[in-house]
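Only the coordinates and a few stated rules stand behind these numbers; no lab work does. Keep in mind the model is a prediction, meaning the values are calculated, not measured. As a convention, Cβ positions derive from the backbone with ideal geometry for all residues, glycine included, and neighbour counts pool all protein chains shown.
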Amino acid sequence: MTQAYTLSQITAELGGEWRGEDIAVTAVRPLDQAQAGHIGFLANPKYKTEVAASSAGAVIVSAKAADEFSGRNLIIVPDPYLYFAKVARLFSPIEKARAGIHPTAVVESTAKVPASCEIGAHAYIGANTVLGENCRILAGAVVEHDCTLGDETVIHPNAVIYYGCTLGKRVEIHSGAVIGADGFGLAFTGSSWFKIPQTGGVTLGDDVEIGSNTNIDRGAMSDTLVGPGTKIDNQVQIGHNCKIGAHTVIAAKTGISGSVTVGSYCIIGGGVGTVGHIEIADKTNIGGGTCITHSIKESGQHIASLYPMQTHKEWARNAVYIRHLSEMNKRIKALETQLGGASDGQDE
Amino acid sequence: MTQAYTLSQITAELGGEWRGEDIAVTAVRPLDQAQAGHIGFLANPKYKTEVAASSAGAVIVSAKAADEFSGRNLIIVPDPYLYFAKVARLFSPIEKARAGIHPTAVVESTAKVPASCEIGAHAYIGANTVLGENCRILAGAVVEHDCTLGDETVIHPNAVIYYGCTLGKRVEIHSGAVIGADGFGLAFTGSSWFKIPQTGGVTLGDDVEIGSNTNIDRGAMSDTLVGPGTKIDNQVQIGHNCKIGAHTVIAAKTGISGSVTVGSYCIIGGGVGTVGHIEIADKTNIGGGTCITHSIKESGQHIASLYPMQTHKEWARNAVYIRHLSEMNKRIKALETQLGGASDGQDE
Amino acid sequence: MTQAYTLSQITAELGGEWRGEDIAVTAVRPLDQAQAGHIGFLANPKYKTEVAASSAGAVIVSAKAADEFSGRNLIIVPDPYLYFAKVARLFSPIEKARAGIHPTAVVESTAKVPASCEIGAHAYIGANTVLGENCRILAGAVVEHDCTLGDETVIHPNAVIYYGCTLGKRVEIHSGAVIGADGFGLAFTGSSWFKIPQTGGVTLGDDVEIGSNTNIDRGAMSDTLVGPGTKIDNQVQIGHNCKIGAHTVIAAKTGISGSVTVGSYCIIGGGVGTVGHIEIADKTNIGGGTCITHSIKESGQHIASLYPMQTHKEWARNAVYIRHLSEMNKRIKALETQLGGASDGQDE
């Protein structure tokens, strides 16, 4: 059942140059796990020694590294990591829709579901919702009324798309994700909280992927937007009226507060938090665990602010002084004054 | 299909005074997006200039601001933000239950479901569960056995209420939220972890709203409680046996450990964490990203402890010293001693 | 309906020695809530005074504490907390499968579901999936194709197990948890992100418990692993290709990045984050809110790095200096030089 590809077939399909023997391989594997029928890859030159030790039948390498491995069967490409991903996809093609509506699925009569779509067991498609060709709405997934989904979009089991949302083509929504639940908007009456109706929707561009148990809240009066090609990991929270750019990557557990604008080609680590109503420029790189407290206006910056890890003993000794930093600074200043030295540049 | 309201109709319904021309509007919009048929609002005087620039047909303003906009159609009210929320609700009324049980829903024979309730496709209502009038249990939602839900409570698609939970009136539970899963209680046997049965339930007061993918764990021996009017955002975790007061607001991604008591009218930011078994007084305001490490006994305090955001370069330069604060303090003290100066008030 | 047990019946079942009158009790309760028909427990000697004040009919105590309560009905055991858990389980036995497949459930024809299993309303069991004896797949839960579940494993309502996952015996997966969604692997093409196919699965050992809305991602080329007896709380994220050891406990909201190896018998607090590709030794104890930035190679360490909680006023005064620690250190050094004193041990 496993499809085998020779090196010449792989390069015919994906480019690159092969060398050595035109062997057939059945899977791509890390160098330390690869066997004779597998192809490995050397993405980072620092793991060169693993190539020698590997039983891989063939190895994907850069031109620079190729000469060192003249005895091996090789595929030589500019970017071995990207090529590895493409070879892996060759062995594991994107699953196609198995056209048909499961008898237990419920599709409201005004919904438009092309015959090419796969609608799984117990799935629900609401009134006036329009699906593109070859969509897959898997078991138990719910797409409420008045949504639009582009071609080849996949909703995994038990994910939920609230009413009035627009998803582009080839969007993938993982299980437990919720798109378009109400944003968190409240006005205080003096004695209780009055809910601000969240009448906007959510618009996701083409090729967006949304991880499991991630939330993209609907906007208050206009849509929350996620640009094309943006990839969002699990358990991420995107507040109402955020505008996330194109081809941005957001790792797990990050929370973006309401009305934040994030640029394109940003890389945002895991567990990041932000205040609301700020802008983050294109190509910003934010390290995991950082709290973004104000706008980042210059593009291409690298932001990081992890509180450093310590043993409990170190922490117990040091943490208390966090609350005395201002005093420590004053005491240094007093000593400097006493010694006649001027403090320079202490404040920005 | 869009309902239009004149300014006089709006004020007749919601109070306030209108001025100018009694135009009809069809929606409320932010000032920068509002068109002639829309009503805008000025909640914060610092955005005054936006009123002049706005195409809004009418604007909701405070009495103080009204005189400056004598040429505009106005509604004058004490709290424009709250009024905006009410106008938005007028245009977008809370959806009513469409009475009836979907043929694919499963309602156990001992459950009590009034005819006024809406039970969606593939919803499940367990044995002995009792629903109030006009409840909406939407597609794929599960309410296990022995639960009680008050009138007009809404369970969004695929949310889950475990057995034995009690929800008040007008409670709203968003998709992916789980109410009443087991609290995390374990006793070590010396070689493995023995699970402590979680035999309490969860009780949510009237008008509680629970965001998507939020968890309220059931209590170990008595119920976990959330007071009336409390609003909880997405991806919040409330541990077993917590007691959350009334009209408290908890933003996304906050985690409240087990057996924590939170007062009423607290405002808790996003990404907050707490240790267990502590008390947080009424009206405490906790900034986003704060770790609450001990009880807050005095009410009305503002707590904040975000680790400050830095560029990666700044961080790399500074963070290492966090682990040397105690030494830095000692060195300052040594210098002070050498210079004959006494340190004052360095420790609290 | 409530089962009553006498002290002699309890000790016959669970060990320990009883003293006083052989009364019957119907529940275990905390000392401050226990009534005459209840049994309380004294797990921590510092709550001794609660025993005197308690109305409990009987109390579980250690041998050391027993003599002080000679007038009470007692069960004397080495570990009152563990014993309490076992008594609670006696009163609240693990629910057994109600054998049968609900008529609305969908079980693919190639799946193997023993007659002893309980398959709830709207549950879905995919092709070639094999269930052990007495499994419970509750309402709306989805187990995709090619999975294997051990005996007595329970999948709570609306939880999802992606294809090709292996769960041991007595595994419990709470609602909203997602096992085996795609790991977050991407290769940059220069203009967009190419998804790395996630072709591994997830393997969970026997007696693993997974909390609500927790994610265990499938591996990229080999399985993500969780060892036997490990207990994971709600809203935890385990990245692809992690290897979590046996009998480890992970509290709510913790995120473990991809390819992290966690040892056995670790205790990981809530809201912890880690970088990827590191190792955490056996029996490591990690305090809540800690960011683990590098491997922990020595077993049994206690790690903690919570940024300390402050009032907003304190924070506003002190936090700014975090960004000036390097300068403060230089200024201290300059003062020391000026005074002729040598700094010692300031750097590790």
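Structure data summary
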quantity: Per-selection metrics, the protein assembly as shown (Cα): Rg and Dmax in Å; calculated: 30.2, 88
quantity: Nearest-first distances (nm) between copies at B:K112, label 7 Å from Cα via Cβ; calculated: 4.7, 4.7
quantity: Compactness of chain C - radius of gyration and Dmax, Cα, Å; calculated: 26.3, 87
quantity: Qualifying lysines (Cα of each under 18 Å from Cα of C:K64; at least 8 residues distant if same chain); calculated: C:K46, C:K48
quantity: Amide H within-cut-off set for A:A220, under 5 Å, with H built and near neighbours excluded; calculated: A:G200, A:N241
quantity: Averaged over A:87-95, number of beta-carbon atoms from partner chains that fall within 10 Å; calculated: 3
quantity: Value of relative contact order over chain A, rounded to a whole percent, pairs C-alpha under 8 Å and six or more apart; calculated: 6 percent
quantity: Potential lengthening between A:V130 and A:S92 on full extension [0.36 nm per residue; Cα-Cα distance subtracted]; calculated: 10.8 nm
quantity: Rounded, prolate or oblate (a/c below 1.5 giving rounded, otherwise prolate when a/b exceeds b/c) for segment A:5-91 by Cα gyration tensor; calculated: rounded
quantity: Percent RCO, i.e. relative contact order, over segment C:74-148, from Cα pairs under 8 Å lying at least 6 residues apart; calculated: 25 percent
quantity: DSSP-assigned coil residues among GluC sites (Glu not before Pro) in segment C:55-112, each with at most 13 further Cβ atoms within 10 Å; calculated: C:E95
quantity: Footprinting exposure proxy for B:I303, C:I267 (fewest neighbouring C-beta atoms within 10 Å first); calculated: C:I267, B:I303
quantity: Eligible lysines near A:K333 by straight Cα distance, threshold 26 Å, same-chain separation 8 or greater; calculated: B:K313, B:K330, B:K333, C:K313, C:K330, C:K333
quantity: Shielding by partners, peptide A:167-178 (average Cβ within 10 angstrom, other chains); calculated: 5
quantity: Dipole of segment C:95-163, positive end: most advanced residue of C:A139, C:S109, C:T129 [Cβ charges, Cα centre]; calculated: C:A139
quantity: Among B:E298, B:E50, B:E118: highest mean-square fluctuation, GNM of chain B, C-alpha pairs under 10 Å; calculated: B:E50
quantity: Value at 222 nm in deg cm²/dmol, rounded to 500, when DSSP H runs of n ≥ 4 in chain A each add -39,500 (n - 2.57); calculated: -4000 deg cm²/dmol
quantity: Selected from C:A304, C:A56, C:A177 as most flexible by GNM, with chain C as the system and alpha-carbon contacts under 10 Å; calculated: C:A56
quantity: Amide H partners (placed H, <5 Å) of C:I303, local residues excluded; calculated: A:H312, C:N285, C:I286, C:G287
quantity: Nearby aspartates and glutamates by direct alpha-carbon distance to B:K112 (threshold 12 angstrom, same-chain neighbours under 8 apart not counted); calculated: B:E133, B:D146
quantity: Loop sites in segment B:4-40: GluC sites (Glu not before Pro), DSSP, at most 13 other Cβ within 10 Å; calculated: B:E21
quantity: Relative contact order of segment B:5-91, pairs being alpha-carbon contacts under 8 Å that are 6 or more residues apart, as %; calculated: 31 percent
quantity: Position A:N44, label points 7 Å along Cα→Cβ, spacing to each other copy in nm (shortest first, one decimal); calculated: 4.3, 4.3
quantity: Peptide B:209-222 - average C-beta neighbours from other chains (10 Å radius); calculated: 6
quantity: Derived scalar couplings ³J(HN,Hα) [segment B:203-220; Karplus, 6.51 cos²θ - 1.76 cosθ + 1.60; whole Hz; x for Gly, Pro]; calculated: 10, 10, x, 4, 6, 7, 10, 10, x, 4, 6, 8, 10, 10, 6, 6, x, 6
quantity: Residue among C:P157, C:P228, C:P45 with the largest mean-square fluctuation in a Gaussian network model of chain C, springs linking Cα atoms under 10 Å; calculated: C:P45
quantity: Inter-copy label distances at A:P78 (7 Å, Cα→Cβ; nm, one decimal); calculated: 6.7, 6.7
quantity: Whole-Hz ³J(HN,Hα) from phi, Karplus 6.51 cos²θ - 1.76 cosθ + 1.60, for segment A:39-46, glycine and proline x; calculated: 10, x, 8, 10, 8, 10, x, 5
quantity: Cut-off under 5 Å, modelled amide H: who pairs with A:F188 long-range; calculated: A:F194
